[in-house]
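Read the structure below first, then the notes.
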Amino acid sequence: MYREGRGAVKAIVLGGGVIGVCTAYYLAKAGHEVAVIERQPEAGCETTFANGGLIAVGHAATWAEPSAPLMLLKSLWQADSAIRFRPSLDPALWAWGLRFLANCTAQRYRVNTLRNLRLSKYSHEVMAALREETQIPYDEATKGILYVYRDPARLEHSAKAWALVRDHGVAVEVKSAAESVRIEPALAPASDKFVGAIYSPSDESGDACMFTRHLAKLCEGLGVRFTYGASISGLKANAEAVESVVTDKGEFVADNYVLAAGSYSPSIARSIGVRLPIYPIKGYSVTVPIGGRQGAPTVGVIDESTRVAFVRLGERLRLAGIAEFSGYDTSYKPRDFGTMFKAAKELFPDGGDYDRPEFWACLRPMTPDGPPIMGRGRHRNLYFNIGHGHLGWTMGCGAGRVIADLIAGRRPGIDLDGLTIDRF
Ligand SMILES: Cc1cc2nc3c(=O)[nH]c(=O)nc-3n(C[C@H](O)[C@H](O)[C@H](O)COP(=O)(O)OP(=O)(O)OC[C@H]3O[C@@H](n4cnc5c(N)ncnc54)[C@H](O)[C@@H]3O)c2cc1C
């Protein structure tokens with residue numbers, strides 16, 4: 001049996017995405033001995049790698065909402081829809097899907113959105129403090145996000161729905177198309193394509209992978225040991241506690257374990273009989289060089305009709321979106337990005353060099369109700385930091401800090417009611 005370092009480390013973090021690295025950082029800051037196990041050659045290579053980049057506190061709404069069942073149904077015959085649902089015989093999809101549908105009521109939507117919002121708001125504060133303290137570079141922008149609408153009825157309907165986050169402390173303003181162009185002049189050529197927007201001025205954006213890799217370096221400076229290229233096959237545990245992590249590079253032992261393996265967490269937990277209600281929902285992104293063009297946005301933008309997100313990352317423009325149910329498949333073809341390019345050329349015709357795309361696809365670790373799973377289950381030394389779905393970048397710093405506080409025996413900065421495994 002391989003024992004990390006001189007003795008058992010205080011905590012092993014399983015997974016080196018944004019969630020795992022943030023957890024490791026706050027544990028190390030609290031003075032703990034920490035190790036991270038990651039199968040890739042460096043941090044942030046999987047879902048964190050090329051996500052939409054939006055720190056979207058204003059967009060903390062869960063996907064399980066009253067109109068979601070109809071959207072899923074319509075997607076069955078709309079090939080180019082932002083949602084791509086193809087029923088399969090996968091029992092995990094059906095088990096997850098039934099729970100998802102049960103959460104598509106107005107009352108559950110409200111409860112679940114407020115749970116997401118609680119963590120997202122907290123994370124925003126924690127991230128601002130970290131940025132201030134470390135000056136960590138990640139091509140960040142702090143000019144807000146414009147959620148752009150092409151249909152007046154949808155804008156009106158959404159403005160009412162957004163009142164929920166506004167009533168809970170997030171600045172949200174409804175803007176006309178002309179006002180939106182004043183906020184983001186790059187939308188000027190498309191001012192006849194949309195009717196208005198909802199502007200969330202405190203939202204931000206940045207490159208989650210760049211952030212994660214810089215934070216991993218800061219972690220190393222604090223003594224965190226990263227073991228890359230080690231694939232975790234499972235855990236060993238007795239009835240009360242986890243005893244070790246089993247990998248193809250040997251077994252690792254610690255006092256505490258933090259599961260932060262994104263969409264792959266359920267298979268690791270299953271090795272000790274723990275079932276986690278997380279299903280992978282595939283998303284796509286494409287990144288192009290701006291290449292001196294003048295029409296790229298400097299504010300984050302989401303086209304609410306096509307559900308394509310646009311984010312400027314330094315001298316790159318990233319487009320991201322699509323929710324596809326295709327299990328653990330992360331493959332992609334150029335034609336998968338047709339809707340994104342169409343939306344980009346409509347809203348930002350001079351936004352970037354669309355002929356030099358870098359394509360990518362990965363899996364959002366989604367719970368059926370929306371909020372992540374944090375805290376402990378039945379094993380006293382196993383902490384979950386999983387299931388952040390479409391908001392893992394938004395929630396990363398806060399989620400990491402919460403778990404570090406729990407392990408240190410400190411009261412976390414937010415109430416964890418509704419954010420633990422107990423709700424399932
Ligand atoms: C297209 C797209 C757009 C998105 N846009 C946004 C956005 O704009 N804003 C936002 O807040 N969120 C966004 N998200 C969601 C966000 O990217 C995720 O919630 C977040 O990256 C999850 O982080 P994670 O650390 O849990 O997972 P990951 O980044 O996947 O990290 C998990 C790590 O665990 C490792 N691992 C897994 N299994 C094993 C194993 N068996 N052994 C060893 N290592 C293992 C993996 O290699 C990986 O590095 C988007 C997601 C997608 C797909």
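A few points about this structure:
- Inter-centroid distance (Cα atoms) of the stretch 138-179 relative to the stretch 353-378, Å: 22
- Rough spin-label spacing in nm, given labels placed 7 Å along Cα→Cβ, for LYS249 and GLU125: 3.7
- Just checking the listed ones, MET127, MET71, MET366: in the Gaussian network model of the chain with Cα springs under 10 Å, the one fluctuating most is MET71.
- Neighbours of PRO365 by Cβ distance under 12 Å: Lys/Arg scored +1, Asp/Glu scored -1, total +1.
- Chymotrypsin sites (Phe, Trp or Tyr not before Pro) within the stretch 1-104: DSSP coil, no more than 10 neighbouring Cβ in 10 Å: TRP77
- Counting other Cβ atoms within 10 Å as a rough exposure proxy, the listed residues THR420, THR306 run THR420, THR306 from fewest neighbours to most.
- Restricting the calculation to Cα atoms, the chain shows an Rg/Rh of 0.96 when the hydrodynamic-style radius is the Kirkwood one.
- Inter-label distance, nm, simple model (7 Å from Cα along the C-beta direction), ARG410/LYS74: 4.7
- Working note: 222 nm ellipticity from helices only, DSSP H runs with n ≥ 4, each -39,500 (n - 2.57), summed and divided by the residues of the chain, gives -9500 deg cm²/dmol to the nearest 500.
- Using alpha-carbon coordinates, inclination of helix 18-29 to the longest axis of the chain, degrees: 50
- Added length on full extension, which subtracts the Cα-Cα distance from 0.36 nm per residue, ARG378 to ALA30: 122.8 nm
- Residue-span extension gain [LYS236 to ASP167] - 0.36 nm each, minus C-alpha spacing: 20.3 nm
Only the coordinates and a few stated rules stand behind these numbers; no lab work does. The shown structure was predicted, so the numbers you read here are calculated from the model rather than taken from an experiment. Every residue, glycine among them, receives a Cβ derived from its backbone with ideal geometry; neighbour counts consider all protein chains shown.
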